[in-house]
Amino acid sequence: MLCLAAVPVAPQSTQREEEERHRQALDHYKKGQDAMASERAEQAVEEFKTAIQLDPLLALAHYRLGQAHMGLKEYVQAERAFLGCRDAYEKIGGLQFTNREELERRRDEEIDQLENQLGMLQSGQIKNSNPSIPLQIQQQIDSLRRTRRKGSSEAYSAPPEVSVSLGSAYFRQGKLPEAEKEWTSAAEANPKLGEAHNNLAALYLMTSRAVEAEKELKLAEKAGYPVHPRLKDDIKKALKAPPPS
């Protein structure tokens, strides 16, 4: 602190350094996106990690890192990345009290990054077997735009898609209560999030709650989520099965 006070140019120099690190972080994030699009998950992991090291508040880098780990079946690392994503969003939200301009800049950048990802999905540059993903990304973009119009006073928090992904990381590790908690939270935050309802339907079926599974199945279909026919059939069979003695 004494050194900073004695050299007035240091804060300005530090700001320039932070801006350069942020620019470099975005560059590595984009390289990670390209690696994901080319199905080079290992390279994507390294690029996203570098982006996070340069700018720990680059929330989408945390999220995409988690997705890359999920693709590599590294579920513990994926869990850690999704939790890091949530933490980054919380810290960004705190900027509304300390640095409103920075908050708005990061919000605008996230919109740009999501729009770019959506464009890559729609053009086929990114392979995607889940037709609900583009809709989820568009919903995220719309939500960010709404908060931008309303101003920085509205809470800036992790989108429910983060809870869906975190729940999936928990599920793959056999942490069913934690998965259920995250998917339930996501469905409550956005009732139109079909993937959350679909995942809950599968989990309820696994844990002998067929009635609840059927309810979530209907909500998933109402949201336009492509529910697998086998899950539908298994739920029907479970509903017809006699109750355990």
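The values are calculated or read from the model by the stated rules, or taken from the named source; none is laboratory data. Every value quoted in this text rests on a predicted model; they were computed, and no experiment measured them. Quick reminder, even Gly has a Cβ in these numbers, built from the backbone with ideal geometry, and neighbours come from all protein chains shown. All accessible areas refer to the heavy atoms of the entire protein, side chains included, with ligands and DNA or RNA removed. Shrake-Rupley method; radii C 1.70, N 1.55, O 1.52, S 1.80 Å.
General remarks:
- Three-way shape call for region 155-245 based on the alpha-carbon gyration tensor, with the a/c threshold at 1.5: prolate
- Theoretical FRET efficiency, 1/(1+(r/R0)^6), r = Cβ-Cβ of A37 and R146, R0 30 Å, to 0.05: 0.60
- With every protein chain in place, region 47-107: carbon and sulfur % of accessible area (1.4 Å): 51
- Mean sequence separation of contacting Cα pairs (under 8 Å, at least six apart), scaled by the length of region 167-245, corresponds to a relative contact order of 22 percent.
- When the C-alpha to C-alpha distance is required to be over 23 Å, the pairs from K181/K218; K175/K236; K49/K73 that qualify are K175/K236.
- Rounded if a/c under 1.5, otherwise prolate or oblate - region 171-217, Cα gyration tensor axes: oblate
- Exposure rank, largest accessible area first [L57, L239; 1.4 Å]: L239, L57
- With an a/c value of 1.5 or above and a/b not larger than b/c for the gyration tensor axes a ≥ b ≥ c computed over the alpha-carbon atoms, region 9-90 is described as oblate.
- Toward the positive end of the charge dipole of region 202-245, with +1 on the Cβ of Lys and Arg and -1 on the Cβ of Asp and Glu, the farthest Cα among H228, L203, P243 is that of P243.
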